[in-house]
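This report refers to the structure that appears directly beneath it.
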Amino acid sequence: MNVDLDCRGLLCPLPVIKLAKTLPTVAIGDTITVLADDPAAATDIPAWCRMRSQELVSADENQYVVRRLS
Amino acid sequence: MLLSAVDSGWADPVRLHHEGRTARLLLDNARAVLADAIGVRPDDLYLTTSGTTAIRAGLTAVRAARSRVGQTVVHSAVEHSAVLHSGGESAVEVGVDMQGRVDLEAFSTAVRQPGVALAAVQSANHEVGTRQPISALAEACGDVPLLVDAAASVGHDAVPAGWSVLTASAHKWGGPAGVGLLAVRKGTRITPAWPMDEREDGLSPGFPNVPNALAAAAALQARLSEAAELDKQHRAWIDEVRRRVAADISDVEVVGDPEDRLPHILTFSCLYVDGEAIVTALDAEGFAVSSGSACTSSTLRPSHVLAAMGVLTHGNVRISLGRSTTYADIDRFCAVLPGIVQRIRAEVGM
């Protein structure tokens with residue numbers, strides 16, 4: 001299953017905060033697709049995945065897919 | 001020092017009257033002291049109006065002199081913006097690792113391509129403190145001139161060897177704003193890329209600020225006389241802040257090389273924290289810190305240094321210690337920071 005999270009127009013750290021708050025609402029193994037156009041998200045969403053030990057499935061322009069691992 | 005220099009060094013040093021010759025003498029003295037401090041001959045040292053103008057003048061003058069070879073500037077992704085702006089569209093950017101250290105293999109490959117006018121790498125990073133392996137990079141350069149931006153190091157750390165052009169900025173060692181150093185190693189060809197006058201061999205046009213040059217020289221002398229002691233103190237204090245920030249705050253990323261670094265700089269990022277909020281809260285506690293977070297920059301883009309390293313850019317704090325920093329400051333900073341981070345996180349429900 002996948003949940004979409006529209007963070008377009010939000011500046012960091014808001015997209016990362018929304019991602020962190022959405023994580024517990026999905027099952028382990030499910031994905032969250034984050035739409036974020038703040039340039040800082042390109043660094044901060046992958047950094048959040050690394051720091052919180054979640055999987056960054058893909059990072060395309062303004063679109064990030066994150067899988068819940070724990 | 002600055003005030004007496006304003007009284008005696010106000011005249012134009014290229015004029016032949018008494019006051020002009022006095023100013024010339026003072027300028028020569030300042031240049032001799034500055035050259036000695038960074039280990040070059042006075043003839044090879046030009047004084048510019050800032051570290052940024054030193055980089056622009058040095059980079060463009062070497063590139064113009066090597067136009068028959070090519071126009072390409074090879075530089076690391078974490079250089080000062082003056083290098084990024086001067087490199088132009090044909091520049092080749094070499095990536096860095098998570099500590100901010102340039103990829104030596106990629107650099108060696110890039111610098112050996114045809115058409116490279118020069119390479120530019122900083123001695124150490126101005127935001128995260130990580131030193132660059134200048135002697136290995138210089139070796140990789142071969143005949144290609146290497147410009148080393150030493151603004152973050154001079155006065156705080158040893159000046160590396162192997163460069164063709166070296167730049168620095170007086171305000172970074174406690175001197176006045178408006179004085180930059182541009183050292184050009186003998187044998188390096190330069191062609192200033194703008195209309196030349198008789199000043200500084202054409203590398204820094206216009207009436208020089210003699211009193212500020214003298215103040216810069218005096219400040220560097222003073223700084224170097226206590227550099228060994230400050231180095232020891234600052235290294236220990238930064239180690240302590242690094243340890244306490246990581247231990248007392250959850251979800252924090254302390255960045256930069258913990259060992260091979262400048263003595264006085266530390267950078268860390270706190271997850272879910274707004275950069276502007278943490279800078280403002282620390283200011284209210286009497287701490288003047290910098291931040292590489294996007295919300296604290298005029299461009300609303302995060303620090304290109306943090307982005308190139310791939311580390312968290314929001315909630316970013318950079319501290320740099322000065323000669324008047326005390327252990328009490330360090331201890332109080334470490335004591336108030338966890339509460340500030342907790343409060344800012346609570347405001348957004350984290």
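The values are calculated or read from the model by the stated rules, or taken from the named source; none is laboratory data. Owing to the predicted nature of the structure, the values given are computational and were not obtained by experimental measurement. All Cβ positions, even for glycine, are placed from backbone atoms using ideal geometry, and neighbour counts span all protein chains on display.
Every residue, every condition in (1) assigned to a helix (DSSP H, G or I); (2) hydroxyl-bearing (Ser, Thr, Tyr), yes or no:
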residue: B:Thr53; (1), (2): yes, yes
residue: B:Arg63; (1), (2): yes, no
residue: B:Ser86; (1), (2): yes, yes
residue: B:Phe107; (1), (2): yes, no
residue: B:Pro114; (1), (2): no, no
residue: B:Ala120; (1), (2): no, no
Inset, instruction - Answer yes if at least one residue in the range B:21-33 is among the acidic types (Asp, Glu), at pLDDT below 95 and in a helix (DSSP H, G or I), and no otherwise. - result: no
Inset, instruction - Of the conditions (1) within 25 Å of the chain's Cα centre (by Cα); (2) more than 9 Å from every other protein chain (Cβ to nearest Cβ); (3) surrounded by fewer than 21 Cβ atoms within 10 Å (Cβ to Cβ), B:His264 clears all except one; give me its number. - result: (3)
Legend entry - Breaking point among (1) over 17 Å from the mean Cα position of the chain (by Cα); (2) of a type in the set (S, T, N, Q); (3) under 30 Å from B:Ala307 (Cα atoms), for B:Ser50: (1)
Inset, instruction - Tell me which residues, restricted to the range B:145-193, are without any contact (Cβ under 8 Å) to a residue 40 or more places away in the chain, of a type outside the set (Gly, Ala, Ser) and assigned to a loop (DSSP other than H, G, I, E, B). - result: B:Pro160, B:Trp163
Inset, instruction - Count, please, the residues in the range B:270-314 that happen to be under 21 Å from B:Cys334 (Cβ atoms) and more than 8 Å from chain A (Cβ to nearest Cβ). - result: 18
Legend entry - Filter result (within 14 Å of chain A (Cβ to nearest Cβ) and either within 19 Å of B:Val255 (Cβ to Cβ) or touching a residue at least 24 places away in the same chain (Cβ under 8 Å) (or both)) within the range B:321-346: B:Val341, B:Ile344, B:Arg345
Inset, instruction - With respect to B:Arg318, determine if the residue is under 23 Å from A:Lys18 (Cα atoms), crowded, with 21+ Cβ neighbours inside 10 Å and either away from every other protein chain (no Cβ under 14 Å) or among the charged types (D, E, K, R) (or both). - result: no
Legend entry - Residues within the range A:56-70 that are touching a Phe, Trp or Tyr at 6+ places or on another chain (Cβ under 9 Å) and within 12 Å of chain B (Cβ to nearest Cβ), tallied: 1
Inset, instruction - Assess whether B:Thr22 counts as being surrounded by fewer than 17 Cβ atoms within 10 Å (Cβ to Cβ) and among the β-branched types (Val, Ile, Thr). - result: yes
Inset, instruction - For the range B:207-217, state whether one or more residues are under 21 Å from B:Leu34 (Cβ atoms) and among the aromatic types (Phe, Trp, Tyr). - result: yes
Legend entry - helices (runs of 4 or more DSSP H) completely within the range B:260-350 that count 2 or more residues being of a type in the set (Phe, Trp, Tyr): B:327-347
Inset, instruction - Given the conditions (1) in contact with a helix residue (DSSP H, G or I) (Cβ under 7 Å, 6 or more places away or on another chain); (2) on the phi > 0 side of the Ramachandran plot, report the number of the one that B:Ala281 does not fulfil. - result: (2)
Legend entry - Verdict on A:Ser53 being without any contact (Cβ under 8 Å) to a residue 60 or more places away in the chain, surrounded by fewer than 17 Cβ atoms within 10 Å (Cβ to Cβ) and within 14 Å of chain B (Cβ to nearest Cβ): yes
Legend entry - Hey, A:Asp30 more than 7 Å from chain B (Cβ to nearest Cβ), more than 24 Å from B:Leu300 (Cα to Cα) and within 10 Å of the chain's Cα centre (by Cα) or not: no
Inset, instruction - Within the range B:65-84, work out how many residues are under 19 Å from B:His126 (Cβ atoms) and either of a type in the set (D, E, K, R) or assigned to a loop (DSSP other than H, G, I, E, B) (or both). - result: 4
Inset, instruction - Mind telling me which of the residues B:Val121, B:Val111 ends up being at pLDDT 95 or above and within 21 Å of the chain's Cα centre (by Cα)? - result: B:Val121
Legend entry - Residue satisfying condition, being of a type in the set (A, V, I, L, M), assigned to a helix (DSSP H, G or I) and surrounded by fewer than 18 Cβ atoms within 10 Å (Cβ to Cβ), within set B:Ala222, B:Ala213, B:Ala217: B:Ala222
Legend entry - Pair list, Cβ < 8 Å and 6+ apart or interchain, from the range B:1-16 residues that are surrounded by 13 or more Cβ atoms within 10 Å (Cβ to Cβ) to residues that are not in a helix (DSSP H, G or I): B:Leu2/B:Pro176; B:Ala11/B:His17; B:Asp12/B:Phe207; B:Pro13/B:Pro208; B:Val14/B:Glu198
Inset, instruction - Would you mind finding the one in A:Asp44, A:Asp37 that is within 7 Å of chain B (Cβ to nearest Cβ), in contact with a Leu (Cβ under 9 Å, 6 or more places away or on another chain) and under 13 Å from B:Ala294 (Cβ atoms)? - result: A:Asp44
